């Protein structure tokens, strides 16, 4: 099984690289390919079970979008055919939107894979918050830390509805985007470490029979403790 | 930069001065509130308040407090009377408090010199109003994700707020900060000596790996830690500059540094024995030399110094040490540097991690993503017998330790602060390191006291 991490030298902010480190410990037999920015992604020519891309700087977003532009059709083919899972965390999702708009109205073009979606940057206001949502029937918990708010109708293509916290923007109750086997969420950091049920789901989707997590007891205990905190009405989300 | 003083400013100044006096009478330092009130009453208060003739700013992710204090101490011992925010806030409110406290009733300043520690995130609220003659940037790394986002963001706000006539004192081995404001006059400091103790490989975070000009992968001659080192771009002219103040030799036994300066090779006392101490020392030497202080004056002042107490405290009972060190929470680089220091200490060790976010504990659930950018792998060392993860985030820390390869029998969770002393296996170790955050200091002191009591009972 091959797992590809895209541009780790640039897409590694906010602890996002921990997702693949954890996955590597869950799947010690899998082959992990770390594709640098100056190389062609493996998914273009090879069979890859999962492609991961993490959060990046705003300046890097345009470079990444330009880099992936030639493979836009290939990505659509892979996700619509559910052949390869794409997981994008933090502002990596925005690269797959139509565009990212700066404060002065100028735009950085995205890949347009999520047509009608865009992000607005506001470098003067950083949003930090907690999110508790429900993916399928699983509780998902995590953190947002971002300069952007996203817009677009994700009623039928959200990553998950939120129970507390915000969705694509402060008015939205639907978090992230999903298309075929593409999962995009603004949650940053150790998403897979923090959410063992989702990690098991993802491993199942990748074709792993009877998925086993690394350090299952501690991961589960930490998840249950955090979930209880997130469900506590006294806990502040922003 | 010098703005005409308005009645609104005078009103704000008097209110703030009265507040400062009242707080003093109540026995409080009042290093934030008066300045904050002044800025609320007069938004461009910082622009109008009088400043000393020479103003020095010290900013950067790590080391700015120590460098500011070092510089302030040397200046005081050399006969100057600098004002500064040593005991206060490094925000715009803290700096306003320092300046209003030192000016007259009409807002004018008769002071000669200020040394201001400046929070890099606050640069847009300070630098447009307070003209800096010198600005030290110790380094730029990713810091609190909530406040600072990433280094690209911090670099951009510094770039757009540094005055063109400010002389920059820059870390020649930090490619993130040493290319800022290329038109400004500047000198570079750094470590040229290549010894094993000042070099640690295998860090998780590298905040600059590709050329910011052309995108090519940078070629590193060496990496001292994280992205600190020397590199050049194979495609364009981007690369590390030559050092003006270069540490050429480090004598850990005698605590001495040989530094090449524009005036020739000079010897200075090393205040501490950590790589960050070496950087702090050469940074201070570079700034003080640029200010015109002689080597003799700097040396005389260094000789009489200790490391800031809250960052390193040591107690010895019998043949065992209990060391308290600051390991700032939410700051992966600072913690990684401390972990690296701890693993290189002699003897068998236990490490107590007590740097969860105290304020988040009261109100919310801490974002623990920073743990995964921190080099817990450094704690996977045969001489570290126990890593005790204490507090509300104990399970998260324990999990991070396990992911770092630390065996389960060494990485333990202790969710209740007060139980930590009982869980420590004191008989197995020579030194206990308690690594605390700024705001878990009191909890750490309580733990330190319990450990010392247990050790004293054992000795008795």
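For the reader, a short list of remarks on this structure follows.
Every residue, every condition in (1) in a strand (DSSP E or B); (2) within 28 Å of residue B:216 (Cα to Cα), yes or no:
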site: A:23; (1), (2): no, no
site: A:34; (1), (2): yes, yes
site: A:43; (1), (2): no, yes
site: A:60; (1), (2): no, yes
site: A:70; (1), (2): no, yes
site: A:88; (1), (2): yes, yes
site: A:91; (1), (2): no, yes
site: A:94; (1), (2): no, yes
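- Looking across A:155, A:103, one residue alone is over 28 Å from residue B:142 (Cβ atoms) and in a loop (DSSP other than H, G, I, E, B). It is A:155.
- Between A:98, A:108, A:139, the distinction of being more than 30 Å from residue B:364 (Cα to Cα), touching a helix residue (DSSP H, G or I) at 6+ places or on another chain (Cβ under 9 Å) and at pLDDT 95 or above belongs to A:108 only.
- Number of residues in the stretch B:349-379 that are away from chain A (no Cβ under 14 Å) and without any contact (Cβ under 8 Å) to a residue 60 or more places away in the chain equals 1.
- Taking the stretch B:191-266 and the strands (runs of 3 or more DSSP E) fully enclosed by it, the elements with 2 or more residues that are within 14 Å of chain A (Cβ to nearest Cβ), surrounded by fewer than 19 Cβ atoms within 10 Å (Cβ to Cβ) and out of contact with any helix residue (DSSP H, G or I) (no Cβ under 9 Å at 6 or more places or on another chain) are at B:219-225.
- The residues listed here are A:92, A:88; of these, the one that is buried (at least 20 other Cβ atoms within 10 Å of the Cβ) and within 14 Å of residue A:150 (Cα to Cα) is A:92.
- Assessment of the stretch A:119-129 against the conditions (more than 14 Å from chain B (Cβ to nearest Cβ) and either farther than 21 Å from residue B:145 by Cα or under 17 Å from the mean Cα position of the chain (by Cα) (or both)) yields at least one matching residue.
- Some residue of the stretch A:3-16 being at the interface with chain B (Cβ under 10 Å from one of its Cβ atoms), surrounded by 22 or more Cβ atoms within 10 Å (Cβ to Cβ), under 17 Å from residue A:66 (Cα atoms) and touching a helix residue (DSSP H, G or I) at 6+ places or on another chain (Cβ under 6 Å): yes
- Residue match in the stretch B:178-190 (condition: under 30 Å from residue A:188 (Cα atoms) and either in contact (Cβ under 8 Å) with a residue 60 or more places away in the chain or within 14 Å of chain A (Cβ to nearest Cβ) (or both)): yes
- Scanning the stretch B:4-31 for residues that are assigned to a loop (DSSP other than H, G, I, E, B) and either closer than 19 Å to residue B:84 by Cα or over 32 Å from the mean Cα position of the chain (by Cα) (or both) turns up B:4, B:5, B:6, B:28, B:29, B:30, B:31.
- For the condition on the phi < 0 side of the Ramachandran plot and either outside the structural domain of residue B:138 (by TED's automatic domain parsing) or more than 27 Å from the chain's Cα centre (by Cα) (or both), residue B:52 does not qualify.
Residue-by-condition table, conditions (1) modelled with pLDDT of 95 or more; (2) touching a helix residue (DSSP H, G or I) at 6+ places or on another chain (Cβ under 8 Å):
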position	(1), (2)
B:278	no, yes
B:286	yes, no
B:303	no, no
B:312	no, no
B:330	no, yes
B:333	no, no
B:352	yes, yes
B:362	no, no
B:366	no, yes
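- Screening residue A:39 with (1) more than 11 Å from every other protein chain (Cβ to nearest Cβ); (2) surrounded by fewer than 16 Cβ atoms within 10 Å (Cβ to Cβ) gives one miss only, at (1).
- Count of the stretch A:72-86 residues, restricted to those that are in contact with a helix residue (DSSP H, G or I) (Cβ under 7 Å, 6 or more places away or on another chain) and either within 25 Å of residue A:142 (Cα to Cα) or part of a strand (DSSP E or B) (or both), is 3.
- Among the candidates B:165, B:143, residue that is assigned by TED's automatic domain parsing to the domain that holds residue B:266 and either surrounded by 18 or more Cβ atoms within 10 Å (Cβ to Cβ) or in contact (Cβ under 8 Å) with a residue 40 or more places away in the chain (or both): B:143
- Restricting B:412, B:386, B:398 to those that are buried (at least 24 other Cβ atoms within 10 Å of the Cβ) and at pLDDT 95 or above reduces the list to B:398.
- Any hit, the stretch A:97-112, residues being within 14 Å of chain B (Cβ to nearest Cβ) and within 22 Å of residue B:218 (Cβ to Cβ): no
- Taking the stretch A:42-56 as the range and being out of contact with any strand residue (DSSP E or B) (no Cβ under 8 Å at 6 or more places or on another chain) and surrounded by 19 or more Cβ atoms within 10 Å (Cβ to Cβ) as the test, only A:56 passes.
- Cβ pairs under 7 Å, 6+ apart, first in the stretch B:387-402 and more than 9 Å from every other protein chain (Cβ to nearest Cβ) and at positive phi, second surrounded by 24 or more Cβ atoms within 10 Å (Cβ to Cβ) and part of a loop (DSSP other than H, G, I, E, B): B:391/B:356
The values are calculated or read from the model by the stated rules, or taken from the named source; none is laboratory data. Treat the numbers as computed from the prediction; the structure is a model and nothing was measured. Don't worry about glycine lacking a Cβ; one is built from the backbone with ideal geometry, like all the others, and counts go over all protein chains shown.
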